[in-house]
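Peer 1: First the structure, which I've put down as structure tokens, then a few questions once you've had a look.
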Amino acid sequence: MNHYGFDQFLDKVRLNRQNDADMEEFRLWLTTLNPDEALVVLDQYEQAFRASASNALPVDVENMVFSIEMTLVKIPEKRLFTTKKLRLGFKIAASFLLLTFVALYYYPHTSRRHGTKDVLAAQKIEPGKNKALLKLADGSIIDLDTAADGEITRNSLQTGFHKQKGFLSYQAANTQTKSRKYNILVTPRGGQFKLQLPDGTNVWLNASSQLRFPTVFDAGMREVILNGEAYFEVAKNSKSSFIVKTNRGDIRVLGTRFNVSSYQTDPYFTTTLVDGSVQIENGSGHTLLWPGQQAQVDSLAKIQINEVETAYAVAWKDGYFMFNKETIHEVMQKIARWYNVEVHYEGPEPKTKIWGTVSRFDQVGDVLHMLEATGGVKCKIIGRRIIVEG
């Protein structure tokens, strides 16, 4: 499809005569456009749809359009974006629309063809939420999902935790201990939580993750141990390095913002730097990262540095899945952790690459609808299992 063909396509849309082949050609052409052009084209598509014989978008599509508009308003306000903020804002908007616009066609047309209530939408699997377990150095365990807001615990050393709506802050004593002891914050599948450490560092812990942090930081060094994924905003302290230890290496900083993903089931762990600088240390040596770079470390400790849009790595903490040409397997891993479901594949794994943005707080059926709308993949839900078909 070219711009001339697009004009002919819009004529069909206005007369409600477009078919599946037309929509597939339009979708493929859209992926070749730059984000600015894609936004204009999608706006023209919506106008043509509204002028069609059906006259107005169905109610469910109206709701999606409203969701898109709210996303376009909210995303640019996030503080994560660097000097590329304006350009990146267009990219995010276009990616969200690209994944969602296909549903503007498939939702109403599919329901008309089949005339039955959609199976995916009927399966109510709720998204994840703020929940975690806190294991104290003395061995006691606190369920933060059920614990009341306010001060949770305090001991004779005047150390204690304070919880407030998905946010946990920790106050430590100013005295050193003879032996290092650890508190552990654990998020289950379907959980996330934010923690503020005694030095003022903020940590967002993603689903199925664990952060071990000492009851008192050692003099001259602040060290935590991560298994899973977390976003860090490290408080600056030129006299004390901040170290994140993982099973594939250590990340050393003084004060910066970065994301670490170190799930043991993933083929590599990644560190994505938003601002400041970090040093990756492992058996292969030392590697310095600069803002906008991502380090990937494989099972052989080999480090690869890539230039990336950091928003894709950190969007999860702001409530979004952002996919950047990811495989179905990579996408479904994230969905499985957040929605606490099991994923099974029937037949060969689909080769489709996913690019787009959806809310992490949509029900899983809505997210799967959008994945199906991109083409090349079919999903069904049985209990808490998602079956993926190529």
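Peer 1: If contacts are Cα pairs under 8 angstrom and at least 6 residues apart, what is the relative contact order of the range 129-313 in percent?
Peer 2: Working: 468 pairs, mean separation 22.8, N = 185.
Contact order relative to length: 12 percent.
Peer 1: Run the quick spin-label model on residue 298 and residue 126: label points 7 Å from Cα toward the beta carbon, then report their separation in nm to one decimal.
Peer 2: A separation of 4.2 nm, rounded to one decimal place.
Peer 1: So if we plug the beta-carbon distance of residue 146 and residue 385 into 1/(1 + (r/R0)^6) with R0 = 22 Å, what FRET efficiency do we get, rounded to 0.05? Provide the component values of the computation, followed by the final result.
Peer 2: On the way: r = 27 Å, r/R0 = 1.24.
Rounded to the nearest 0.05, the efficiency is 0.20.
Peer 1: Another question about this same structure. So how do 209, 241, 284 line up by other beta-carbon neighbours within 10 Å, fewest first?
Peer 2: Values: 209 26, 241 16, 284 13.
Least crowded to most crowded, the residues run 284, 241, 209.
Peer 1: Provide the packing ranking of 5-15, 269-279, 143-153, 360-370, i.e. peptides ordered by the mean count of other C-beta atoms within 10 Å per residue, highest first. Before the final figure, lay out each step's value.
Peer 2: Details: 5-15: 15.5, 269-279: 21.5, 143-153: 12.3, 360-370: 19.6.
Final packing ranking: 269-279, 360-370, 5-15, 143-153.
Peer 1: Starting from the Cα of residue 218, step 7 Å along the direction of its Cβ; do the same at residue 346; then give the gap between the two resulting points in nm.
Peer 2: Once both label points are built, they end up 5.4 nm from each other.
Throughout, read-outs are computed from the coordinates displayed, never taken from laboratory work. These numbers come from a predicted model, not from an experiment. Because the Cβ atoms are built from the backbone with ideal geometry, glycine has one as well, and the counts that use them run over all protein chains shown.
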